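Quick notes on the structure that follows.
The values are calculated or read from the model by the stated rules, or taken from the named source; none is laboratory data. What you see is a predicted model, and the numbers here were worked out from it, not measured in a lab. A quick note on method: Cβ atoms are made from the backbone with ideal geometry, for glycine too, and the neighbour counts reach across all protein chains shown. Note: areas computed on protein heavy atoms with side chains; ligands, DNA, RNA excluded. Shrake-Rupley method; radii C 1.70, N 1.55, O 1.52, S 1.80 Å.
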Amino acid sequence: MQELTSPKEMREWSRAERARGRRIGFVPTMGFLHEGHLRLVDRAKQRADRGPTEDLAQYPRDLPRDRTLAAERGVDCLFVPDTAAMYPTEPLVRVSPGPMADALEGAARPGHFAGVLTVVAKLFHIVEPDVAVFGRKDFQQAMLVRRLAADLDFGLEVDVAPTVRELDGLALSSRNTYLQGDERRAALALSRALRAVEQAWRGGEADPGPLARRGLEVLRAPGVAPEYLALVDEQMRPVARVDARTAVLVAAKVGKTRLIDNVVLGEGVASDISVRALA
């Protein structure tokens, strides 16, 4: 596995591999890899011949551990730029995500998606992948990245992979490391709320109002502070009638840790991947 730190090196590596007729798969992450990230790597390797992954200095950080896990999973190239490499000067131009980013996570974290889409656009230009793999757990982000690629004609495929969950249903996240004691058990309210909505929908309820109320009943568990439960389409618009394409998105704080989760009703929580998390 090669480890590259400069955009120039990364671009040269990718172009050399493509010149050899190889298809490039790309998995962007924020570091501190877990099994969910590694399943994205597996998926990228299935869709491509060569697989770079990327690691930025945010979130919990353990580069030696990430390096080992990536190599064990067959990553061909690890791109680990620091902030100075990605932003040698103060950037003046940013991607404007539009109305899809105004609600839910965008409302809770103003300016977040402008930053995400700007760095993703930079990475797409640097890596020049044929396919980029994102996890469905960050549903709004994944849908925005799809629109970014389509609207700005990047000429790549954005593949959205199923959420990876621990055996008890908790969606894998780097933030799970912050959950202390009873908080870990309380956090299961998010996936249980999604299952409650899914079960009510499969039982014949298609009105978003009763479905949302049912989910919130479960989400309002001891130790959990709900932020939202929304039933939306792929454009993040509230739906008037629920169908198999409807996504149910939840966010809540458990202690000091903010968690998100979701389900696409036609696919269901049961279609996600359950694993025993890495230690």
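Here are a few things to note about the model shown:
- Protein-only accessible surface order, largest first, of Asp82, Asp207, Asp66 at 1.4 Å: Asp82, Asp207, Asp66
- With a Förster radius of 41 Å applied to the beta-carbon distance between Asp168 and Ala114, the computed FRET efficiency rounds to 0.70.
- Peptides ranked, highest mean first, by Cβ atoms within 10 Å: ranges 24-31, 229-236: 24-31, 229-236
- Sorting Leu104, Leu211, Leu167 by solvent-accessible area of protein heavy atoms yields Leu167, Leu104, Leu211, largest first, with a 1.4 Å probe.
- Counting only protein chain heavy atoms and rolling a 1.4 Å probe, the accessible areas of Thr53, Thr177 rank, largest first, as Thr177, Thr53.
- Computed FRET value (nearest 0.05) for Thr89 with Ala16, which takes r as the C-beta separation and R₀ as 30 Å: 0.60
- Over the residues of the chain, the helix contribution to mean residue ellipticity at 222 nm works out to -11000 deg cm²/dmol, using -39500 (n - 2.57) for each DSSP H run of at least 4.
- Taking segment 224-244 and a reference point 7 angstrom along Cα→Cβ of Asp207, the backbone N atoms nearer than 15 Å belong to 240-242.
- Of Gly135, Gly21, Gly106, the one that fluctuates the most in a GNM where the chain has Cα springs shorter than 10 Å: Gly21
- In the complete set of protein chains, residue-level accessible area for Glu267 is approximately 100 Å², probe 1.4 angstrom.
- Whole-number Å³ per residue for the convex hull built on Cα positions in the chain: 128
- Solvent-accessible area, 1.4 Å probe, carbon plus sulfur percent, for segment 110-256: 49
- For segment 84-158, the spread of Cα positions along each principal axis, largest first, Å: 30, 30, 20
- If the segment from Arg220 to Gln180 were pulled out straight at 0.36 nm per residue, it would be longer than the present Cα-Cα gap by 12.5 nm.
- Based on protein heavy atoms only, segment 111-154 ends up with 32 Å² per residue of surface accessible to a 1.4 Å probe.
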